[in-house]
Amino acid sequence: MSLSDYLLSTLGVYGLPVLFAALLIGAVGIPLPGSLMLLAAGSFTEQGDMNLYAVLALSAAGSILGDNIGYALGRWGGHRLSVRISRFIGSERHLKAAEEWLIKREGAGIFLSRWLITPLAPFINITCGMTGYSWPRFLLYDVLGEALWVVLYVLLGRLFSDRVQEVGELLGDFVWMIVGLLFAVALGWKLLKYFRSSSIDEERDETRGTLVDEAR
Amino acid sequence: MKKLGWYQWLLLAVFLLAVIVTGLFAVRAVRRAVYWQTHRDEQIRPWMSVRYVARSYRVPPHVLYQAIKLEPVPRDRRPLREIAREQNRPVEALVYELQQAIKDFRANPPPKLPPPTSPPGQTASPLAGATP
């Protein structure tokens, strides 16, 4: 029997505490099928087995708490480690660049990774902590994103309350497709920029060459 | 054109990997969606309760309870895994019996949904006599 079968079975028997704990642990970074559990919980609320508001509140609380544990791990466990690593490989400059990039874009990253590109969330939590990203701002995007995730999946679970497993698998594929697409676009953009800059260099060399010829 | 350094080769490799992963998951998602269009039933899993299976397969719950020799329990949240453990048998056997019951029910659908059989000794609902 798979892990998700086991977890969903315990969700059926013990209810809310299992949901809270699984979402908390999943948010810290242990891969548990959190989305599927939210869908199942939504289905259980539709059938009157669980209370909708309790499910929403405890799910959000569990995942927000887990995210903040991840942030804290990065902040107090990770920063010292990252400084040591960066000193060791002599690229503190790179770390600084990453920090600046994160401060500029992390808002969108935090928010989107809560509900759309969920597999990236634990990494983003830890990097936010490691780079010393403002905690109140992290918390703001985190709460907004997690609230959207919980409401979205619980409502989908209610809507498709008779085919939770299938909807969960379909959404899982969809989410991984988005994650793959994101990486492909980011890396493709980087490669394109490299090729463009190298062709511009060549053009510059060529024009310099013709200018030198004309001068002669 | 500039020659590719090891870093560019690595970027290119990861880029291709990302494209392949995106494609694979896109194909999987589309296949699932197409399958979903043509097959109405989802696979019975150990985490599902009898009521969930009944709902998913649009079969009255008492038919399924009857098939696995249990009294219908209102608000029964026990997953099949738990019931199988109580009955001291593998969950696959339970799933098989449920599938058979669903198949039988669909082969001979009752003309009208029969009322759930109340357990012996239980008094009828007080509302039952009130309606003409």
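A short reminder: the numbers here are calculations on the coordinates, not readings from a lab. All of these numbers come straight from a predicted model, not from anything done at the bench. Heads up, the Cβs are rebuilt from the backbone with ideal geometry, glycines too, and the neighbour counts pull from every protein chain shown.
Structure above, values below:
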| read-out | value |
| --- | --- |
| Under the Karplus curve 6.51 cos²θ - 1.76 cosθ + 1.60, θ = phi - 60°, whole-Hz ³J(HN,Hα) for segment A:118-125, x wherever Gly or Pro sits | 4, x, 8, 4, x, 5, 5, 4 |
| In sequence order, calculated HN-Hα J values of segment A:143-154 (Karplus, 6.51, -1.76, 1.60; Hz; x Gly/Pro) | 4, 4, x, 5, 4, 5, 4, 5, 5, 4, 6, 5 |
| Hz values of 3J(HN,Hα) by residue in segment A:54-60 - Karplus curve (6.51, -1.76, 1.60), Gly and Pro given as x | 5, 4, 4, 5, 6, 5, 4 |
| Environment charge of residue A:65, counting only residues whose C-beta is closer than 11 Å and scoring Lys/Arg +1, Asp/Glu -1 | -3 |
| Residue exposure sequence - B:85, B:75, B:45 - by fewest surrounding Cβ within 10 Å | B:75, B:85, B:45 |
| Those trypsin sites (Lys or Arg not before Pro) in segment B:1-42 that DSSP places in a loop and that have at most 16 other beta carbons within 10 Å | B:2, B:3, B:40 |
